[in-house]
Amino acid sequence: MTATDWILKTDVGGATRHFAAEALPVTIGGEPGNDIHLGGVVGAVSIGLLDGVFFVQPDRNARNLRVDGELVSGARRIADGDVVALDSARLACRLADGRLTLDIDARMTAGDTAPPDLDELARAERGGTDEVAITPISFRAKADAAETPGRRRPSTAAIAITAAFAVLAVLGWFAFTAKSVELDFEPEPTAVELPGTLLKLRLGDRFLLRSGPHRVTAQLPGYYPFDEEVVVGESPDQSIELELTRLPGEIELATVPEVGAEVSVDGEPIGRTPMIAEIVPGTHRLEFKAERYLPELRELDVIGGGERQALSVELTPNWAPVTLSSEPAGAEVLVDGEPVAKTPAELELTAGEHDVELRLPGYNAWRETVAVTADQPQQLPPVTLVQADGRVELVSTPEEAAVSVDGEFRGRTPLTLRLRPGRSHSITLTKPGFAAATRELSVEADSGRRVEIELEAQYGDVRIASEPPEAEVWVDGRREARTPAELRLTAVPHSIEVRYDGYAPQAWDVTPRPGFAQTRTFELEPLDDTTGGGYPRTIETSLGQELTLIPAGQFTMGSSRREQGRRSNEVLRRVKLSRAFYLGVREVSNAEFRQFIAEHDSGGFGGISLNDDDQPVVNVGWEDAARFLNWLSIRDGLQPVYEERSGEWVPIRPLRSGYRLPTEAEWAWAARFAEREEALVFPWGAELPPPDRSGNFADVSAADVLPTTLVTYNDGYPVSAPSGSFPADAVGVFDLGGNVAEWVQDYYEIVVDPGQEQAVDPLGPTSGRFHVVRGPSWRSATITNLRLAYRDYGADAREDLGFRIARNLE
């Protein structure tokens, strides 16, 4: 043992010894077999270590063992600085860094010896009985003691009587104040001591003790030594429950076969077999895991108490032998892509599915998925390897030609073909617009070659004419000629477009046919930005929103002073819209707006939802609408119309080609005048009440949520309806009158005297605090706000206010 391996050091008269942990306990005393022999000392003690704690325990011959003057009859923990007195020897204890040093002096001074325990001496005299007899002790004065002159000394009888009365007084006081205490141990120990208690009396299985703390020690083979402090209360009759802790059991763990299995106890790993483990008493779940073996579970009742038990577990292989052979032999065997052997071979494969492959030069590879069951051997059928295919790298000009081998489609060029050797193969290439090409090929086993085939193009004639002539002819996005033109094109689909400045372009998808000329004359339509002639009648956003073409026109915006319900801001003024425009067929819905702001919530009204996907979006401000339209314009590759200036969103003038709100003039033209001989007063006509299915207004179904309603009209929707729920108007637009009111482009103003000058394409003021709101909504019920001439304004979002999309012709 090296100088650093010790855990206990003793020093007796300059002789030093070191002891390792496995050498403990060490005995010290005057008996012949003690590890440290002290001559002239009666009895011995053991110095041991348990759970990292040093303790001292007297043997059966030790008498009057004391630690720091306190009598010890059982095991006692050693603390730094303790002095252990054994007969005439003294053991000074020093603890440092988990090591104990004992400085032993075999000669002890009187100051180290505590007075004898009178109770113990008394019990020894009467053979260990529980009763204590108090007997007078004869006393004799020293012969050389001089008597004090003139003073009479007490007689021996007087002293004895006084001492007896004192002892009886003490015993009476103790009997009167002591408590009857039962120390109820589980299990029952073989020895129980109260080493620190001077006044105590044991009566059967009970003790008479003073109230307060008492140190209790107990011993039982197979259990840890008990050493704890208990507190005796003021009750005259008490029972204190105490429990001994059983020592762990020593469990020998092993497996068959022995493969160093990992062992876990109740889910906690403790090591690998073979091993001896200390496990606390009780029922435990042991798991054994080893590579290539199935896990094994066992339940073990550990007896404990230091008793040794053995558990050997037979492991079940998680693999099975798989036998494999080939003709010819000597093929390399790969399992899951890794080479492992050559045929014939016996493979040890783990349970599950494995990809097994055989490779041999000059032969095609053989592949098979093999399912392996643990501990179940299997023999695969003999594998007859086939001579390797020949490889052909096939390319064509142009590429993407369909390839067939012996009438079977194999793919498109460029393509690598694998062909059986020793025979001729017919290879055919086809591609629309080209003549089919066929080749006869034969290959050697495991050989490679490259074959290039140029396909012969097939052409057809296409004749193009136009009115007016000299229009540009574009083929597949490239300008090829001017009309009239005769084109010779490959016999594949082509896209032909005819363009002429000032006319609407026209397109034609055609597939030329060899030997059959095709002719097409295009009657080009002049572009008219007033009527919209030559422009598409409808266009669609990337969100699927349809916009319809509204032709230009002239009209008088506002209402006559004689019109019932008229407001002062509805001043009559002459307006001309010089260019047609596109207007959204439906109001923007919640689902469409949430493509822009996913978390938008239109809320509800009167406990009824306004937030369904197909309902028009509401509770959006004018700037929210402008930002949505910019986002949609960018998404569709158009110039955004709005920009932010000084923290405010405004339209750029002249208006760009992106999506925008309709101007007030455009909205009024589409709602009241376009495609009509007379201007509309209400969305349905000129008179109240509205006929059935006229639109969504404040009807009888809204009586529970609105204060004012149309008492003779029921549209079935107390709040907003899904966009497009009612018939479209004369220009094919839904809900311009009803459902929700709508933001328009213009700032709000009141024109006091417009004069007789006609306003051409008016855009409204360049600045302002409010924006114009047009059209009745599901809240409208009065003659004033049901009219199409009604003008409202606002700066904030509302539950009945949404918007629709507009756009220039180009």
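The values are calculated or read from the model by the stated rules, or taken from the named source; none is laboratory data. Fair warning: this is a prediction, and the values are worked out from it, not measured in the lab. Glycine gets a Cβ as well: all are built from the backbone with ideal geometry, and neighbour counts include every protein chain shown. Quick note on the areas: whole protein, heavy atoms, side chains included, nothing else; ligands and nucleic acids left out. Shrake-Rupley method; radii C 1.70, N 1.55, O 1.52, S 1.80 Å.
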Inset, instruction - Considering every residue within the stretch 337-356, establish whether at least one is under 25 Å from V443 (Cβ atoms) and open to solvent by less than 80 Å² (accessible area, probe 1.4 Å). - result: no
Inset, instruction - Name the one entry in V462, V405 that is modelled with pLDDT of 90 or more, more than 28 Å from L487 (Cβ to Cβ) and among the hydrophobic types (A, V, I, L, M, F, W, C). - result: V405
Inset, instruction - Give me the pairs, please: first residue somewhere in the stretch 701-715 and of a type in the set (F, W, Y), second residue anywhere and open to solvent by less than 90 Å² (accessible area, probe 1.4 Å), beta-carbon distance under 8 Å, and either six or more positions apart or on two chains. - result: Y713/P689; Y713/P690; Y713/S694; Y713/F697; Y713/D699; Y713/V700
Inset, instruction - Mind counting the residues in the stretch 737-762 that are open to solvent by less than 40 Å² (accessible area, probe 1.4 Å), at pLDDT below 95 and hydrophobic (A, V, I, L, M, F, W, C)? - result: 2
Legend entry - Members of the stretch 429-444 that are open to solvent by 60 Å² or more (accessible area, probe 1.4 Å) and assigned to a loop (DSSP other than H, G, I, E, B): P432, E444
Inset, instruction - State which residue is surrounded by the fewest Cβ atoms within 10 Å (Cβ to Cβ) when the search covers only the stretch 304-328 and only residues that are outside any strand (DSSP E or B) and touching a Lys or Arg at 6+ places or on another chain (Cβ under 8 Å). - result: G305
Legend entry - Matching residues, the stretch 598-628, being outside any loop (DSSP other than H, G, I, E, B) and either on the phi > 0 side of the Ramachandran plot or surrounded by fewer than 22 Cβ atoms within 10 Å (Cβ to Cβ) (or both): G604, F605, I608, S609, E623, D624, R627
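Residue-wise test of (1) at pLDDT below 90; (2) touching a Ser or Thr at 6+ places or on another chain (Cβ under 9 Å); (3) closer than 30 Å to K576 by Cα; (4) of a type in the set (S, T, Y).
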site	(1), (2), (3), (4)
T483	no, yes, no, yes
R488	no, no, no, no
H494	no, yes, no, no
D501	no, no, yes, no
Q506	no, yes, no, no
P512	no, yes, no, no
F516	no, no, no, no
Y535	no, no, yes, yes
T538	no, yes, yes, yes
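For (1) at pLDDT 90 or above; (2) open to solvent by 60 Å² or more (accessible area, probe 1.4 Å); (3) over 19 Å from S88 (Cα atoms); (4) under 60 Å from the mean Cα position of the chain (by Cα), each residue gets a yes or a no:
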| site | (1), (2), (3), (4) |
| --- | --- |
| G13 | no, yes, no, no |
| A23 | no, no, yes, yes |
| T27 | yes, no, no, no |
| V42 | no, yes, no, no |
| G52 | no, yes, yes, yes |
Inset, instruction - Count, please, the residues in the stretch 711-727 that happen to be open to solvent by 20 Å² or more (accessible area, probe 1.4 Å) and in contact with a Ser or Thr (Cβ under 9 Å, 6 or more places away or on another chain). - result: 7
Inset, instruction - Could you tell me whether the stretch 397-411 includes any residue that is out of contact with any Pro (no Cβ under 7 Å at 6 or more places or on another chain), in a strand (DSSP E or B), in contact (Cβ under 8 Å) with a residue 24 or more places away in the chain and within 30 Å of R520 (Cα to Cα)? - result: no
Inset, instruction - Determine which single condition E644 fails, assuming it passes every other condition in (1) of a type in the set (D, E, K, R); (2) touching a residue at least 24 places away in the same chain (Cβ under 8 Å); (3) surrounded by fewer than 20 Cβ atoms within 10 Å (Cβ to Cβ). - result: (2)
Legend entry - Qualifying residues in the stretch 228-249 (those that are assigned to a strand (DSSP E or B), open to solvent by 60 Å² or more (accessible area, probe 1.4 Å) and not small (G, A, S)) - the one farthest from R76 (Cα to Cα): D237
Inset, instruction - Being over 17 Å from S73 (Cβ atoms) and outside any strand (DSSP E or B) is the filter; apply it to the stretch 201-220 and report the residue that is farthest from the chain's Cα centre (by Cα). - result: G204
Inset, instruction - May I ask you to say which residue of R586, R562, R573, R566 is of a type outside the set (A, V, I, L, M, F, W, C), within 23 Å of R791 (Cα to Cα) and free of Cβ contacts under 8 Å to residues at least 24 places away in the same chain? - result: R562
Legend entry - Unmet criterion (only one of (1) surrounded by 16 or more Cβ atoms within 10 Å (Cβ to Cβ); (2) at negative phi) for S426: (1)
Legend entry - Complete set of residues in the stretch 329-381 that are of a type in the set (A, V, I, L, M, F, W, C) and part of a loop (DSSP other than H, G, I, E, B): A329, A331, A351, L360, A365, A374, L380
Inset, instruction - State the number of residues belonging to the stretch 760-795 that are of a type in the set (D, E, K, R), out of contact with any helix residue (DSSP H, G or I) (no Cβ under 9 Å at 6 or more places or on another chain) and more than 30 Å from T538 (Cα to Cα). - result: 1
Legend entry - Residues of the stretch 56-94 classified as part of a strand (DSSP E or B) and within 22 Å of P221 (Cα to Cα), total: 5
Legend entry - Flag if R779 is within 19 Å of A806 (Cα to Cα), touching a Leu at 6+ places or on another chain (Cβ under 9 Å) and not aliphatic (A, V, I, L, M): no
